[in-house]
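Derivation of every value follows stated rules applied to the coordinates shown; laboratory data play no part. This one's a predicted model, so the numbers in the text were calculated from it and none came from an experiment. All Cβ positions, even for glycine, are placed from backbone atoms using ideal geometry, and neighbour counts span all protein chains on display.
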Amino acid sequence: MRYDKEWFKRVFPNLAKEVLEGGGVTDPLRGFTPGPVDFIRRARSVREAEEVIDYLERVGEIGRDEAESLRRKLREEGLESFGSRKGPGYYFKYAAGVEE
């Protein structure tokens, strides 16, 4: 079924403007997949970070070498070496452009 552009503009004026003029809002997190460090940055303690690494290794998200590298960094440099903690609502605030 084909529709012409004028019909589309008449029936869906706001959607037509967004689609045809490119005025839509882009999602800054589109296509983003959190990695091991993103999950570790949610941990509240070294023990929680160790549990995250163990889990990711157990389910096959990371290999043994990467898990050992993350554990070594955690032991030698501490939890803070992965970056500041990502608290509740971090990604909502990030997408909205709100600084923490």
Checklist line | Fraction in percent of alpha-carbon pairs per bin - 5 Å, the chain | finding: 2, 11, 16, 14, 11, 10, 7, 5, 6, 7, 6, 4, 1
Next item on the list: Provide the descending list of Cα extents for the range 32-86 along its principal axes, expressed in whole angstroms.
Entry: 27, 25, 15
Notebook entry, point to check: In debye to the nearest 20, how big a dipole does the chain give about its Cα centre with +1 on each Lys and Arg Cβ and -1 on each Asp and Glu Cβ?
Noted result: 380 debye
Note to self: Please report the spacing between the Cα centers of the range 70-99 and the range 1-41 in Å, no decimals.
What the structure shows: 29 Å
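Would you mind calculating the relative contact order of the chain from Cα pairs under 8 angstrom and at least 6 residues apart, reporting the percent as a whole number?
25 percent
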Note to self: If packing is taken as the average number of other Cβ atoms within 10 Å across a peptide's residues, how do 5-15, 67-77 rank, most packed first?
What the structure shows: 67-77, 5-15
